[in-house]
Amino acid sequence: MSFKGLIYIGLFGLCAIGALFLPQLGIYAYIADYCISPGGQWWGAPFAAMGLRGSFTLAAATLVGMILHFNRLKYGKKFLSAQERWLLVFLAFVWILFWISPETAGRYTTHDHPSVKLTKIFVFVLMMTHVLTDVRKLNGLFWVLSTVSLFLGVKAWETPYSRFVRGRLEGIGGPDFAEANFFAAFMAAMLPIIAIQFLRSKSWMLRLYALVCGAFTANAVILCRSRGAFLGLVAGAFASVWFAPQKLRKKVLVLLLVGVVGGVYLTDRTFIERIMTITTDQGTMDESSSSRIELWKAGGRMFLRNPVGIGPGNWYQTIGRYIPEYEGKDSHNTFVKCAVELGAAGFFLFLLLIFLSYRNLRRIERDLAADHSEEANDFRQYFFAMVVSMAILLTCALTITMIYTEILWVVLMLPLCLRRAHDNAVLERRGLETA
């Protein structure tokens, strides 16, 4: 057995058993398993051949751990917040559409149907929002995300150019990241998380580690040659300046400048030429960009003809009726696909969930304005990382379809974890003051 295989099975066993006692270990391991997809690596293949379903095993162990330690879960007065309740309403609506819509043909024979996949995703994020409810656990999650980004960044750096597809890095990471634009969006969204770990770490070794994570992650984004990820990073840069905490503003600006200089150093002519094709003039667009405009227009016509929705997963079998030459092609836009497949009601629910996520962040920001404790700085830093990561991912969602990808829902639900963590910190501090 390979050394990597031994490490994987050891960490997997440790986290699966540890989740029975510390459920957060199951959350961390599940996200790491989702990001790096060990079953798809040669060193993880033997365990996949055994029928070992890593994510299912970790989720089941985490659920058992939550049940065993239910009284220790600090989720607040209500078991389900407004955002969680609307999340379940959204899921119920997806299943209703699934049953009343035409059968999805020939697209999900080897993968989960979107309705099934969303159910699995929502079960996990609901566990996450009830487990990661203090700063220490969030800090652990941020280091896990930084580490898997480093792992994927090193793998991207090691991939020979001969394996690139049309000059772009493909096939790195979990099943949601098989295509370059998806992988680039994920890695771009991890940069503010890595950056805040660099800024808040007091140990020079941790800062050096975060710096290495950031360098390899940024390099991976560039290797993907993704225009959507580039636009996401531009949006993230504006969000960084706008939302930077007062005490961190100068450091954030310096880090942005270092990031721009480092990014320019890492870029090559292929990347620059691709980025230079970004334009709003359809007459000068390349085929890839102009086809997306046509797909979005067709999506608009599909929505007007089917305002109730064509059903989850049914875009691919329907688009050919509107643009025969693009039969089976994706929408390349999260919002267009959501509106077309889930209709006006589903689109409204999706926007509502985004709004509720941002509202949780704004409420945290409002509460922190009156919180002068030393601990409040941690929450301000996590608030900053989450809002910038969300800005990057939602901007990327304008050019790729992420409605059924796990990382989108993880990022949208993390603000609820932060809000519960802050509420718990305030209650704990009040308890100490009155003791």
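The values are calculated or read from the model by the stated rules, or taken from the named source; none is laboratory data. All of these numbers come straight from a predicted model, not from anything done at the bench. Cβ: placed from backbone, ideal geometry, glycine included. Neighbour counts: every protein chain shown. Accessible surface is based on the protein model in full, side chains and every heavy atom, while ligands, DNA and RNA are left aside. Shrake-Rupley method; radii C 1.70, N 1.55, O 1.52, S 1.80 Å.
Points worth noting:
- Gained length - Trp95 relative to Phe348, 0.36 nm times residue gap less alpha-carbon distance: 89.5 nm
- Cβ-derived FRET efficiency at R0 22 Å, Glu158 paired with Val258, nearest 0.05: 0.35
- Peptides 365-375, 416-426 ranked from most to least packed by the mean count of surrounding Cβ atoms within 10 Å: 416-426, 365-375.
- Once both labels are positioned 7 Å from their Cα atoms along Cα-to-Cβ, the gap between Val165 and Ala105 label points is 2.5 nm.
- Over the chain, dividing the summed -39,500 (n - 2.57) contributions of all DSSP H runs of at least 4 residues by the number of residues returns a 222 nm mean residue ellipticity of -23500 deg cm²/dmol.
- Ignoring lysines fewer than eight residues from Lys155 along the same chain, the ones with Cα atoms less than 25 angstrom from its Cα are Lys4.
- Trypsin sites (Lys or Arg not before Pro) lying in DSSP loop within the stretch 172-264, provided at most 12 other Cβ fall within 10 Å: Lys202
- Among 154-166, 401-413, the peptide with the highest mean count of other Cβ atoms within 10 Å heads the list, and the full ranking is 401-413, 154-166.
- Along the axis of the charge dipole computed for the chain (Cβ charges of +1 for Lys and Arg, -1 for Asp and Glu, origin at the Cα centre), the listed residues Ile17, Gly328, Phe384 are led at the positive end by Phe384.
- Debye, to nearest 20: dipole size of the chain, +1 on Lys, Arg Cβ, -1 on Asp, Glu Cβ: 780
- Proximal lysines to Lys251, defined as alpha-carbon separation beneath 27 angstrom and excluding residues fewer than eight positions away on the same chain: Lys137, Lys202
- Residue with peak Gaussian network fluctuation, the chain [Cα springs, cutoff 10 Å], from Ile67, Ile36, Ile222: Ile67
- Highest-first packing order for the peptide set 385-393, 121-129, 234-242, 187-195 is 187-195, 385-393, 121-129, 234-242, based on the mean count of other beta carbon atoms within 10 Å.
- Residues in the stretch 240-255 carry Karplus couplings, in order, of 4, 5, 6, 9, 4, x, 3, 6, 9, 4, 5, 5, 5, 5, 5, 5 Hz; the curve used is 6.51 cos²θ - 1.76 cosθ + 1.60 with θ = phi - 60°, and Gly or Pro positions show x.
- For the stretch 308-402: relative contact order, % (alpha-carbon pairs under 8 angstrom, 6 or more apart): 35
- Positive dipole terminus of the chain, leading residue within Phe198, Val260, Gly343 (C-beta point charges): Phe198
- Alpha carbon centroid spacing (whole Å) that separates the stretch 329-363 from the stretch 79-135: 13
- Largest GNM mean-square fluctuation across Thr57, Thr133, Thr147, computed for the chain with C-alpha springs under 10 Å, falls on Thr57.
- For the chain, the solvent-accessible area works out to 48 Å² per residue, with a probe of 1.4 Å and every protein chain left in place.
- Charging the Cβ of each Asp and Glu at -1 and of each Lys and Arg at +1, and nothing else, the dipole of the stretch 141-234 about its Cα centre rounds to 220 debye.
- Set of lysines near Lys329 by C-alpha distance (under 27 Å), chain-local residues within fewer than 8 positions excluded: Lys117, Lys120, Lys297, Lys337
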